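Please treat every number below as a calculation from the coordinates, not as lab data. Only a predicted model underlies this, so the values are computations on that prediction, with no experimental measurement involved. Please note: Cβ atoms are built from the backbone with ideal geometry, for glycine as well, and neighbour counts cover all protein chains shown.
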Ligand code: GLY
């Protein structure tokens, strides 16, 4: 069955994947007057159900990622208005909290690492403040006595990704986005143009444009020609959720993070009492098993940072898959295959990049062009690298 009227495709835009990136794309496109449909067996699910929701443009800055920093900062700057608009549209609170972040060091190696991060932040014109161990503990009294110093970053905030996903789903439904609660089995390509997709039950959907926003699975869709297949792989993250009893609140007042023995650990306190502890970073393919080792390492490192944490109830353990690209930056916009666009590869920054991704994809869908802030993230950058290989 092909669901298309004789006059043309049933949808202007078919979005493959109903995680936060697919949903924000669908919402923004529908707001621009496009007829949008989303294919996903569980819209509102995906990696956002696991993510901690740090909006950490400054504390997650890495050498060689200054271009990505520009996009991260652009999206962070949009968050207050984005959250307000989404809350007004849906009546749902996103748990957006402008509470800041404290990155601390537990030993001399960690302190050297943080000093380097501080220097890189200063070179990049970012605002952060070096604190002594005592100043860190004055801000967060639950920190271990051995904390040797830290970086206070008042501009790195948080949002609750589960609330974000639920609100985006609601906003899409209210904006008239159609949902097909099934997986996409195959992209349909006719005369070198993407023209739709086939769902798992064999139903064919026609669309003028198709946006592939399937997170870590974006590279696995059948029917996508090899030269435009997104080079996205899964990077596993195990995450724990604890609960701070009301009598012990506020346990922490901002996100606290550190690098312990080379691994990132962060603690994200929500107003609801939830305390999210993350995350491992594992190249394990499609495995989403929560392992004893993963839980042990997270609790061991978090306990070194905040010893009182081991008294809290452990309420959830879960693993998700980050969609990683070769340069850790997202793939946004038109591909070399007419009709096919990408919104994937957000790796560690999917929640942070949600507002800017929606704006960029809506712009690309309406105008056919990427806006200036997103040109460096065209999927074509990988194609160019491929075709420029010496033969
Ligand atoms: N951005 C945090 C993480 O990916 O673990």
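Compute the long axis of helix 66-90 from its Cα atoms, compare it with the longest principal axis of the Cα atoms of the chain, and write down the angle in degrees, 0 to 90, nearest 10. Approximately 80 degrees, to the nearest ten. Between 0 and 90 degrees, the angle of helix 161-174 with respect to the longest Cα principal axis of the chain falls at about 30 degrees.
Among 147, 190, 295, the largest mean-square fluctuation in a Gaussian network model of the chain, built with springs joining Cα atoms closer than 10 Å, belongs to 190. Decide, for segment 263-376, between rounded, prolate and oblate: order the square roots of the alpha carbon gyration tensor eigenvalues as a ≥ b ≥ c, take rounded if a/c falls under 1.5, and otherwise choose prolate if a/b is larger than b/c, else oblate. Verdict is prolate for segment 263-376. Test of understanding: in a Gaussian network model of the chain with alpha carbons linked when under 10 Å, which of 329, 98, 37 would top the mean-square fluctuation ranking? Answer for the Gaussian network model of the chain: 98.
What is the chain's relative contact order, in percent, from Cα pairs under 8 angstrom and six or more apart in sequence? Before the final figure, lay out each step's value.
Numbers: 898 pairs, mean separation 89.9, N = 391.
It rounds to 23 percent for the chain.
If I take every Cα pair under 8 Å that is 6 or more residues apart in segment 49-198, average their sequence separation and divide by the length, what percent do I get for the relative contact order? Each step should come with its number before you reach the end.
On the way: 195 pairs, mean separation 45.6, N = 150.
30 percent.
Full extension of the chain segment joining residue 134 with residue 261 gains 43.5 nm, where the gain is 0.36 nm per residue of separation less the Cα-Cα distance. Using a Gaussian network model of the chain in which every pair of alpha carbons under 10 angstrom is joined by a spring, one finds that among 267, 114, 361 the greatest mean-square fluctuation is at 114.
For the chain, the 222 nm mean residue ellipticity estimated from helices alone, with every DSSP H stretch of n ≥ 4 adding -39500 (n - 2.57) and the total spread over all residues, rounds to -9000 deg cm²/dmol.
Net length available on complete extension from residue 220 to residue 311 is 28.5 nm, with 0.36 nm assigned per residue and the Cα-Cα distance removed.
With an 8 Å Cα cut-off and a minimum separation of 6 or more residues, compute the relative contact order for segment 307-391 in percent. List each step's numbers first, then the result.
On the way: 87 pairs, mean separation 23.0, N = 85.
After rounding, I find 27 percent.
Segment 205-283: D in µm²/s via Stokes-Einstein (Kirkwood Rh, Cα pairs, 10 °C, 1.306 mPa s)?
On the way: Rh = 16.1 Å.
This corresponds to a translational diffusion coefficient of 99 µm²/s.
Taking the average, over residues, of other Cβ atoms within 10 Å as the packing measure, peptides 10-17, 311-318 rank 10-17, 311-318 from highest down.
Roughly how tilted is helix 108-123, in degrees to the nearest 10 and between 0 and 90, from the longest Cα axis of the chain? Helix 108-123 sits roughly 50 degrees off the main axis of the chain.
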